[in-house]
Each structure stands twice: as C-alpha cells, then as structure tokens.
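The values are calculated or read from the model by the stated rules, or taken from the named source; none is laboratory data. As the structure is a computational prediction, the values presented were derived from the model and not from experiment. Glycine gets a Cβ as well: all are built from the backbone with ideal geometry, and neighbour counts include every protein chain shown. These area figures cover heavy atoms from the full protein model, side chains too; ligands, DNA and RNA do not enter into them. Shrake-Rupley method; radii C 1.70, N 1.55, O 1.52, S 1.80 Å.
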Amino acid sequence: MNAPTKRQLAARHVRRLRTMRKQLLEMSTQWEDLDQFCVNRLEELADNVQSGAADLADDAKCVGEVL
C-alpha cells in the first residue's frame, strides 16, 4: 500500500478537523443556558480548529498541490 500524498493527507485532515469543529460548536450550544465560560472556551477551540484546517489547506497549496 502506498503512503498518501501530502494533498491527500491534508484533505483528509481538513475534513476531520471540520467535523471536530462542528462537534465543538454543538457542545457549546448545550452549555448556552448553563455556563458562559464553557460556551466561550468551546467556541475558541472551534476557531482554533478552523484555523488549523485552513493552515493545512494553505500549506498543501504552497507546494503546488491544490485541495
């Protein structure tokens, strides 16, 4: 079995990170009426995950591989 290319690996990880972001935002809505700190922290984590996904996609593009 061949190892995945950088493009394939980045695409897989970007999809997975977007799923994680969606789950974090769902968790944050469950805390809406209970604890604003938890809402804020989960939203911050979701933002960080989104930023990481964008960085992975950008990195793959920088080496000439388009996602």
Go through the stretch 1-26 and report how many residues are free of Cβ contacts under 8 Å to residues at least 40 places away in the same chain, open to solvent by less than 100 Å² (accessible area, probe 1.4 Å) and closer than 21 Å to Ala54 by Cβ.
11
Are there any pairs, at least 6 apart or on different chains, whose C-beta atoms fall under 7 Å, with the first in the stretch 44-59 and without any contact (Cβ under 8 Å) to a residue 12 or more places away in the chain and farther than 14 Å from Ser28 by Cα and the second in a helix (DSSP H, G or I) and open to solvent by less than 70 Å² (accessible area, probe 1.4 Å), and if so, which?
none
Please give the number of the condition Val49 fails out of (1) touching a Lys or Arg at 6+ places or on another chain (Cβ under 8 Å); (2) surrounded by fewer than 16 Cβ atoms within 10 Å (Cβ to Cβ); (3) among the aliphatic types (A, V, I, L, M); (4) modelled with pLDDT of 95 or more.
(2)
Here is a list of conditions, (1) within 22 Å of Pro4 (Cα to Cα); (2) more than 10 Å from the chain's Cα centre (by Cα), and Ser28 meets all of them except one; can you say which number that is?
(1)
